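Have a look at the structure below, then the notes.
The values are calculated or read from the model by the stated rules, or taken from the named source; none is laboratory data. Predicted, not measured: the structure shown is a model, and the values here were computed from it. Positions of Cβ are generated from backbone atoms using ideal geometry, with glycine treated the same way; all protein chains shown enter the neighbour counts.
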Amino acid sequence: MNIRKVKEFFIEKLIFICGLASIFFVVLIFLFLLREGAAVFNSVSPAGFLSGRSWYPISEPPQLGILPLILGSLMVTVGAAVISIPVGVACAVYIAEIAPPSVKEALKSGIELLAAIPSVVIGFIGMVTLVPWVKSVFRLPTGLTALSGSIMLAFMAMPTIVSVAEDALYSVPKSYKEGALALGATHWQVIHRVILPAAASGILAAVMLGIGRVIGETMAVMMITGNSAVIPNSILQPVRTLTATIAAEMGEAVVGSEHYFALFAVGIVLFVISFAVNVTADLFLHKRTS
Amino acid sequence: MVAFSIRDLNIWFGAVHALSNLTMDIPAKEILSVIGPSNSGKTTFLRMLNRLNELNVNFRMSGAVDMGGKDIRKMETELVRKKVGMVFALPLPLPLSIFENVAYGVRIHGVKNRNKLEVSVERALRQAYLWEEVKDRLELSAFKLSGGQQQRLCIARTLAVEPEVILFDEPCSGLDPVSTAKVEEAMMKLKTDYTIVLVTNNVKQAARVGDKTAFFLSGKLVELDKTDTVFTVPRDKRTDDYIRGKFG
């Protein structure tokens with residue numbers, strides 16, 4: 001009897017510690033980021049850092065303005081969202097409401113497969129197919145542009161958007177659908193007047209999670225957006241994102257230099273953005289369940 | 001007058017033979033009560049009349065269901081469902097205001113004019129005996145109503161699209177006796193203008209409101225006659241047993 005209780009006690013505590021670990025690591029990472037990143041504000045003000053128009057971290061003195069990087073990330077993300085949201089939501093509607101069972105299964109596994117492709121492979125494929133295509137279609141000096149990045153990232157956001165949105169559509173009570181059909185609504189009327197509104201919060205959550213993935217993506221954007229840290233005028237110009245900046249420069253930054261601290265501060269900015277996106281997604285998901 | 005004429009109807013869901021060799025007429029402007037234990041095919045029968053069974057991908061059928069002399073399988077699905085309204089077991093308001101719930105079906109069929117909508121909504125709510133209780137709070141969420149009121153709201157929603165037939169699928173199964181009485185009262189008055197088919201698990205309810213009663217068992221129609229006859233001198237012993245509560 002006692003041995004069972006002791007066992008029970010230890011197992012419970014073990015699970016408790018595992019549960020705490022995830023939170024513990026997040027807090028630890030955030031504190032570390034904060035400590036390393038905050039040092040940059042000795043040489044540049046937070047406002048100057050966020051709104052500075054030049055990013056020349058190794059000139060003398062270094063110019064540490066991340067506005068071009070923020071705008072680069074924003075442009076790529078908005079572009080990807082514009083492409084992936086309508087296509088992804090439409091795909092989810094098709095899978096959840098229209099597709100016959102066999103097509104549904106095929107599509108679902110196809111989308112899972114898309115999610116399983118490593119981002120570096122997507123970047124690589126984009127580099128040899130999409131980049132030349134963008135270059136020739138728009139007659140640009142280079143195909144390494146924000147647009148190429150957006151298109152590639154749209155593919156990466158799609159699996160998240162489709163599967164979460166499909167879940168949301170699927171969890172709309174069957175009875176809503178039958179109720180509307182029994183009044184003589186057509187299939188499309190049911191979809192856009194009953195099912196989509198009823199699943200709206202879940203779909204918004206899907207969109208936010210998809211965007212979260214896009215903002216955090218590094219490898220593919222680094223390979224195909226051209227990486228030039230200037231403020232972009234159009235989506236057909238090379239840009240550099242926050243993530244690509246950290247990945248590209250961290251290896252060369254001298255530990256303890258302003259450049260080094262600035263990259264950590266970029267990390268903080270990214271962290272805050274993804275955190276905000278995830279919290280928003282969470283709010284929508286909770287609204288759906290409550 | 002015959003509202004529906006059903007000939008040699010068989011329905012399968014995959015391997016399950018849900019209704020077999022059903023031939024019957026449903027009289028117009030009367031209440032037909034349909035009773036039977038669960039899995040007797042009575043809900044399948046009801047959902048055949050507005051073609052809701054077809055939502056199930058495994059649905060197959062043979063035979064014919066004619067409404068007003070036309071095969072409903074050859075009519076446009078949306079038209080069948082407009083003419084044959086349905087009230088479900090659980091009151092199922094949409095997450096909208098009382099007004100919008102009733103106007104919903106009317107809007108679906110293309111009416112946009114606010115005055116016309118208001119006329120339809122008031123008429124439907126009066127027919128469902130709900131108008132007096134809600135006329136001052138039409139903009140309130142439909143979820144604020146009681147269960148019985150919600151069910152009458154669903155009846156109003158069905159009436160608003162001006163059907164010819166109303167199907168009731170165990171409409172009082174979730175309601176208290178007082179609400180049940182109100183729904184039954186509404187049904188009794190509606191039968192002067194509409195054909196009503198009522199599927200119910202409550203044998204007493206069938207006896208109270210039905211002009212005719214049909215008894216289904218294992219997918220077969222056992223007996224169909226005037227309600228008084230079925231409840232006093234049933235032809236089939238199984239009907240008698242079911243009504244007396246010996247099984248089911």
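Only one of B:Tyr129, B:Tyr194 is aromatic (Phe, Trp, Tyr) and surrounded by fewer than 20 Cβ atoms within 10 Å (Cβ to Cβ); which?
Working: B:Tyr194 fails: surrounded by fewer than 20 Cβ atoms within 10 Å (Cβ to Cβ).
When all the criteria are applied, what remains is B:Tyr129.
How do the helices (runs of 4 or more DSSP H) wholly within segment A:193-290 filter down when requiring 1 or more residues that are closer than 25 Å to A:Phe138 by Cβ: which remain?
Working: elements: A:200-216, A:219-224, A:242-249, A:258-289.
The helices (runs of 4 or more DSSP H) meeting that bar are A:200-216, A:219-224, A:242-249.
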- Count, please, the residues in segment A:196-211 that happen to be over 14 Å from the mean Cα position of the chain (by Cα), surrounded by fewer than 24 Cβ atoms within 10 Å (Cβ to Cβ) and aliphatic (A, V, I, L, M). 3
- Message: What's the number of the only condition in (1) crowded, with 21+ Cβ neighbours inside 10 Å; (2) touching a Lys or Arg at 6+ places or on another chain (Cβ under 9 Å); (3) closer than 24 Å to B:Gln205 by Cβ; (4) within 14 Å of another protein chain (Cβ to nearest Cβ) that B:Ile72 fails to meet?
- Response: (3)
- Candidate set from segment B:75-93 (those that are in a loop (DSSP other than H, G, I, E, B) and within 11 Å of chain A (Cβ to nearest Cβ)); member that is nearest to the chain's Cα centre (by Cα): B:Phe88
- Message: Being hydroxyl-bearing (Ser, Thr, Tyr) and over 17 Å from B:Leu90 (Cβ atoms) narrows it down to one residue among B:Thr180, B:Thr158, B:Thr192; which is it?
- Response: B:Thr192
- Item | Residue identified as outside any helix (DSSP H, G or I) and surrounded by fewer than 18 Cβ atoms within 10 Å (Cβ to Cβ) among A:Pro61, A:Pro86 | A:Pro61
- Message: Please pick out the residue among B:Leu138, B:Leu117, B:Leu125 that is more than 14 Å from chain A (Cβ to nearest Cβ), in contact (Cβ under 8 Å) with a residue 24 or more places away in the chain and part of a helix (DSSP H, G or I).
- Response: B:Leu125
- Message: Filter segment B:141-154 down to the residues that are more than 13 Å from the chain's Cα centre (by Cα) and either closer than 14 Å to B:Leu94 by Cβ or within 14 Å of chain A (Cβ to nearest Cβ) (or both) and list them by number.
- Response: B:Ser141, B:Ala142, B:Phe143, B:Lys144, B:Leu145, B:Gln150, B:Leu153
- Which residues, taken from segment B:223-244, are under 21 Å from B:Ser20 (Cβ atoms) and among the polar types (S, T, N, Q)? B:Thr239
- Which of the residues spanning segment A:136-194 are away from chain B (no Cβ under 14 Å) and small (Gly, Ala, Ser)? A:Ser136, A:Gly143, A:Ala146, A:Ser148, A:Gly149, A:Ser150, A:Ala154, A:Ala157, A:Ser163, A:Ala165, A:Ala168, A:Ser171
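Residue-by-condition table, conditions (1) free of Cβ contacts under 8 Å to residues at least 12 places away in the same chain; (2) assigned to a helix (DSSP H, G or I):
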residue	(1), (2)
A:Ala106	yes, yes
A:Gly110	yes, yes
A:Leu114	no, yes
A:Ile122	no, yes
A:Ile125	yes, yes
A:Leu130	no, yes
A:Val134	no, yes
A:Arg139	yes, no
A:Thr142	no, no
- Regarding A:Glu60, is this residue modelled with pLDDT of 90 or more, of a type outside the set (A, V, I, L, M) and more than 22 Å from the chain's Cα centre (by Cα)? no
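Out of the residues in segment A:227-272 that are acidic (Asp, Glu) and surrounded by 18 or more Cβ atoms within 10 Å (Cβ to Cβ), which is nearest to A:Arg35 (Cα to Cα)? Give the derivation first.
Start the filter on segment A:227-272 by keeping residues that are acidic (Asp, Glu), which leaves A:249, A:252, A:258.
Pick out the ones that are also surrounded by 18 or more Cβ atoms within 10 Å (Cβ to Cβ) and you get A:249, A:258.
On the way: A:Glu249: 19, A:Glu258: 13 Å.
For segment A:227-272, the residue satisfying everything is A:Glu258.
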- Message: Suppose the filter is assigned to a helix (DSSP H, G or I), touching a Lys or Arg at 6+ places or on another chain (Cβ under 8 Å) and either within 14 Å of chain A (Cβ to nearest Cβ) or under 23 Å from B:Val111 (Cα atoms) (or both); does B:Arg157 pass it?
- Response: no
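So in segment A:89-104, with the set limited to residues that are assigned to a helix (DSSP H, G or I) and free of Cβ contacts under 8 Å to residues at least 24 places away in the same chain, which one is nearest to the other protein chains (Cβ to nearest Cβ)? Break it down stepwise before answering.
Taking segment A:89-104 first, the residues assigned to a helix (DSSP H, G or I) are A:89-98, A:101-104.
Still in the list and also free of Cβ contacts under 8 Å to residues at least 24 places away in the same chain: A:90, A:94, A:101-104.
Numbers: A:Ala90: 22, A:Tyr94: 16, A:Pro101: 6, A:Ser102: 11, A:Val103: 12, A:Lys104: 11 Å.
The qualifying residue nearest to the other protein chains (Cβ to nearest Cβ) is A:Pro101.
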- Item | Failed criterion for A:Leu28 (all others in (1) hydrophobic (A, V, I, L, M, F, W, C); (2) surrounded by 14 or more Cβ atoms within 10 Å (Cβ to Cβ); (3) in a helix (DSSP H, G or I) hold) | (2)
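Give the residue, chosen from B:Phe168, B:Phe247, that is in a loop (DSSP other than H, G, I, E, B), among the aromatic types (Phe, Trp, Tyr) and in contact (Cβ under 8 Å) with a residue 60 or more places away in the chain. Let's see the steps before the verdict.
Numbers: B:Phe168 fails: in a loop (DSSP other than H, G, I, E, B).
Among B:Phe168, B:Phe247, only B:Phe247 is in a loop (DSSP other than H, G, I, E, B), among the aromatic types (Phe, Trp, Tyr) and in contact (Cβ under 8 Å) with a residue 60 or more places away in the chain.
When segment B:144-153 is examined, which residues are found to be in contact with a helix residue (DSSP H, G or I) (Cβ under 8 Å, 6 or more places away or on another chain) and either at pLDDT 90 or above or assigned to a loop (DSSP other than H, G, I, E, B) (or both)? I'd like the intermediate steps shown before the answer.
Narrowing segment B:144-153 to residues in contact with a helix residue (DSSP H, G or I) (Cβ under 8 Å, 6 or more places away or on another chain): B:145-153.
Passing the criteria: B:Leu145, B:Ser146, B:Gln149, B:Gln150, B:Gln151, B:Arg152, B:Leu153.
Quick one: which strands (runs of 3 or more DSSP E) sit completely within segment B:1-60 and have at least 2 residues that are charged (D, E, K, R)?
Numbers: elements: B:2-13, B:16-27, B:31-35.
Correct list: B:2-13.
Restricting to segment B:52-69, count the residues that are within 13 Å of chain A (Cβ to nearest Cβ) and in contact with a strand residue (DSSP E or B) (Cβ under 8 Å, 6 or more places away or on another chain).
4
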